[in-house]
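As structure tokens, the structure follows; a few thoughts come after it.
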Amino acid sequence: MNCELIKWFEKNRRAMPWREVASPYRILVSEVMLQQTQVVTVIPYFHRFMHAFPTVADLAAAPEEQILKLWEGLGYYSRARHLHACAKAIVALGGEVPSDFESLKKLPGIGAYTAAAVASIGFGQKMPVVDGNVLRVWARMTMDETPIDMPKVKSRYFDELSEVIQSVDSPGTFNQAMMELGSLVCKPSEPDCGNCPVAKWCKAYQAGCVADYPKKTPKKKPPHYDVAVGLVYDDDNLLILKRSDDQMLGGLWEFPGGKLEEGETPQQAVKREIMEETGLLVKVGKKLAVVKHAYSHFSITMHAFRCELQGDVKTPNCDRPWHWITESQLKDYAFPKANHKIFSAMKIVVRD
Ligand code: SF4
């Protein structure tokens, strides 16, 4: 099976910037970016990142604000902060990315998946990579009855594939081939089994029940929230607040606001939230935009209002960092995607 798989990969592999000029640092960055994110989305971010931080030392020395700005739009922002911490740890260790799985796993934010990818692709160690694609391929090949979203499945597949990979000469190529097979052939729906190099060894295909695998736990519908935010103006200046590192989207900037309480209108909610978050009294003006956005575990409708400061208090009373900035300075700060939808609706240009 391994021979056919690798032959197929050599013929069908897609060009990717981290494959063309491979180095442990570039593999590390690409693998962190690729977590929960498609290759086509990652490529322009990867190019920009490598241009700004060509070495691990450059990344370690960069300010977090610059890293988050370059990560803006890629999502799962804790990855960027962890990658920064990881670069600092590597520099503290002498500046070379560690070559073995166990040392890699000790780095901040590096789990078994990324450690195995760097150890195998960067250093030829016999460690299997189990990402979402590999989970699906292996579940079908072994006709596994356990739902693949159960946490123990990943570690069981890691153990099973650890045995398989022992007989492979080029473990990095094997891992990339498994992931590429999942992306290009063994797709979530309508896998192209007729052109699959491992069909002979695939139990689900041989049994004619590919559509029944992988098994998944039935999902509940994610909750939906209405959120109101205020673009608080004091003349030409606009108030932005920084999200705490321990929050979702930590380190990014936002406008004050929050969820509607029961029976509240968006206008009432935004006035209350701004007072609670900053101690500022505002007059809620016109609605600027209503945008919808889906996160992995919930979705929101965000109502954005123009608000004017009222009263004499102009300094937010707030634990988090804040700034008064002009609209033209918005591009210097990293904001979540939902905010960019507001900027688009208001025709504010925030990307160079
Ligand atoms: Fe996936 Fe079909 Fe190949 Fe099995 S034969 S690994 S189901 S593409």
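The values are calculated or read from the model by the stated rules, or taken from the named source; none is laboratory data. On a predicted model such as this, the values are computed, not experimentally measured, just so you know. When we count neighbours, we look across all protein chains shown, and the Cβ atoms used for this are built from the backbone with ideal geometry, even at glycine. Remember, those area values only see protein heavy atoms, side chains included, never the ligands or the DNA or RNA. Shrake-Rupley method; radii C 1.70, N 1.55, O 1.52, S 1.80 Å.
Cβ-Cβ distances below 7 Å connect the following pairs, each with a first residue in region 281-301 that is assigned by TED's automatic domain parsing to the domain that holds G311, a second residue that is among the small types (G, A, S) and assigned to a loop (DSSP other than H, G, I, E, B), and a separation of six or more residues or different chains: L281/G311. Take the residues of region 186-206 that are open to solvent by less than 60 Å² (accessible area, probe 1.4 Å) and touching a residue at least 12 places away in the same chain (Cβ under 8 Å): which is farthest from the ligand (Cβ to nearest atom)? Per the stated criteria, the residue is P197. Would you check if there is a residue in region 213-230 being over 30 Å from the mean Cα position of the chain (by Cα), among the β-branched types (V, I, T) and part of a strand (DSSP E or B)? Within region 213-230, none of the residues are over 30 Å from the mean Cα position of the chain (by Cα), among the β-branched types (V, I, T) and part of a strand (DSSP E or B). Being within 28 Å of the chain's Cα centre (by Cα) and away from the ligand (no atom under 16 Å from the Cβ) is the filter here, so list the residues in region 166-175 that pass it. Hits for region 166-175 are P171, G172, T173. If you go through region 300-310 and pick out every residue that is open to solvent by less than 60 Å² (accessible area, probe 1.4 Å) and either among the acidic types (D, E) or more than 19 Å from W253 (Cα to Cα) (or both), you end up with 1. If the condition is being open to solvent by 60 Å² or more (accessible area, probe 1.4 Å) and in contact with a helix residue (DSSP H, G or I) (Cβ under 8 Å, 6 or more places away or on another chain), then region 216-248 contributes D226, D236, D245. Tell me whether region 136-149 contains one or more residues that are open to solvent by 50 Å² or more (accessible area, probe 1.4 Å) and modelled with pLDDT of 95 or more. Checked region 136-149: at least one residue is open to solvent by 50 Å² or more (accessible area, probe 1.4 Å) and modelled with pLDDT of 95 or more. Open to solvent by less than 60 Å² (accessible area, probe 1.4 Å), in a loop (DSSP other than H, G, I, E, B), touching a residue at least 12 places away in the same chain (Cβ under 8 Å) and assigned by TED's automatic domain parsing to the domain that holds L34: does that describe M127? So M127 fits the description; yes. Only one of the numbered conditions (1) basic (K, R); (2) within 16 Å of the ligand (Cβ to nearest atom); (3) closer than 30 Å to G111 by Cα is not met by K220, and that is (2).
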